[in-house]
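Structure, as structure tokens:
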DNA sequence: TTTCCTCCTTAGAATCCTTCTAAATTGTTG
DNA sequence: CAACAATTTAGAAGGATTCTAAGGAGGAAA
């Protein structure tokens with residue numbers, strides 16, 4: 001039984017994950033997948049991930065970070081969240097849930113799925129079907 | 001009794017509206033307010049409004065359109081809606097309602113308030129209060 | 001109405017985030 | 001290992017929005 005470092009384990013898992021999604025497990029994609037999916041779920045921007053990669057000495061260009069994030073969204077590995085205009089946030093939690101958005105800090109915070117109960121939805125207009133229902137609760141500072 | 005053209009009536013209404021919101025009724029703000037608030041509610045971008053102003057021969061710079069839109073949001077005359085990353089939409093309907101977002105066309109469509117019923121919301125985190133609850137229902141093309 | 005002061009508008013540059021480009025590299029398959 | 005297609009890259013390009021510094025306009029008071 002070959003000895004393995006933890007890093008390699010993670011790398012292998014990431015590889016499988018990518019292959020399962022139909023994405024070639026390149027060095028860059030594996031590295032980014034490790035950063036994204038090892039550890040707890042969180043929200044980040046492309047720049048955030050680019051900085052993390054640099055810190056982790058994973059050599060990758062910003063263009064590839066953008067490409068990879070979109071491919072991961074496409075593949076269902078990530079979700080894109082709308083919070084602020086002019087900046088895209090990505091959520092490593094792809095399960096069905098909603099968000100608080102702290103208007104003062106620009107921070108996103110998860111809301112567990114069952115904390116929001118939607119009792120009625122309209123029918124989709126002709127020719128369309130409902131893809132996803134996204135609830136964002138904007139938060140202001142308390143003493144306003 | 002002085003004779004008045006319809007335009008002037010609208011202009012007077014817009015002036016009052018601006019004054020009530022604490023905004024000086026400048027030529028540009030009055031013009032934009034007329035474009036925005038005469039006629040049915042709708043969604044538009046800064047560029048849309050800039051083009052409408054040009055078409056209506058209201059001389060105003062793009063910078064002022066942006067400034068004015070934000071001031072109107074601040075004053076509660078408009079709402080900003082999140083739909084696509086990288087582009088801000090403004091909604092002339094400030095009443096409580098939600099939106100369909102057509103993923104293929106980028107179009108926003110209003111949902112009457114009572115078509116979405118939210119039965120439970122989480123409490124706001126410590127130090128914050130809930131500002132607004134925004135529901136966006138993403139629509140895909142039907143045959144997908 | 002004239003003055004004065006402040007707020008507002010402006011054109012253009014600047015900035016920010018994101019995508020594109022064309023060339024070099026890498027993964028995969030035979 | 002060769003060959004091919006997919007991927008990565010740096011830098012340029014793009015689009016939306018904000019900033020800047022200067023001139024212009026509202027309106028309160030004289």
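I'm checking my understanding of the structure. Among residues of the stretch B:88-98 that are touching a strand residue (DSSP E or B) at 6+ places or on another chain (Cβ under 6 Å) and free of Cβ contacts under 8 Å to residues at least 40 places away in the same chain, which one is nearest to DNA strand C (Cβ to nearest atom)? The selected residue is B:94. The set of residues from the stretch B:27-59 being on the phi > 0 side of the Ramachandran plot and at pLDDT 95 or above comprises just one member, B:57. Somewhere in the stretch B:7-26, is a residue within 14 Å of chain A (Cβ to nearest Cβ) and either at pLDDT below 95 or assigned to a helix (DSSP H, G or I) (or both)? No, that holds for no residue.
On inspection, residue B:105 passes the criterion of being within 11 Å of chain A (Cβ to nearest Cβ), farther than 30 Å from residue A:112 by Cα and within 15 Å of DNA strand D (Cβ to nearest atom). Residues that are within 10 Å of DNA strand D (Cβ to nearest atom) and touching a residue at least 24 places away in the same chain (Cβ under 8 Å) within the stretch A:62-85 comprise A:64, A:65, A:68, A:71, listed in sequence order. In the stretch A:57-87, of all residues being within 11 Å of DNA strand C (Cβ to nearest atom) and touching a helix residue (DSSP H, G or I) at 6+ places or on another chain (Cβ under 7 Å), the one that is nearest to the other protein chains (Cβ to nearest Cβ) corresponds to A:80. Note on the stretch A:110-124: residues that are facing another protein chain (nearest Cβ under 7 Å) and either touching a residue at least 60 places away in the same chain (Cβ under 8 Å) or surrounded by 14 or more Cβ atoms within 10 Å (Cβ to Cβ) (or both) total 7. Highlighted here are the strands (runs of 3 or more DSSP E) found entirely within the stretch B:73-139 that include at least 3 residues which are within 30 Å of residue B:19 (Cα to Cα): B:79-84, B:87-91.
If you go through the stretch B:42-53 and pick out every residue that is away from DNA strand C (no atom under 11 Å from the Cβ) and assigned to a helix (DSSP H, G or I), you end up with 6. The set of residues in the stretch A:131-143 being exposed (fewer than 15 other Cβ atoms within 10 Å of the Cβ) and within 7 Å of chain B (Cβ to nearest Cβ) consists of A:132, A:141, A:142.
The values are calculated or read from the model by the stated rules, or taken from the named source; none is laboratory data. This is a predicted model, so every value here is computed, not measured. Please note: Cβ atoms are built from the backbone with ideal geometry, for glycine as well, and neighbour counts cover all protein chains shown.
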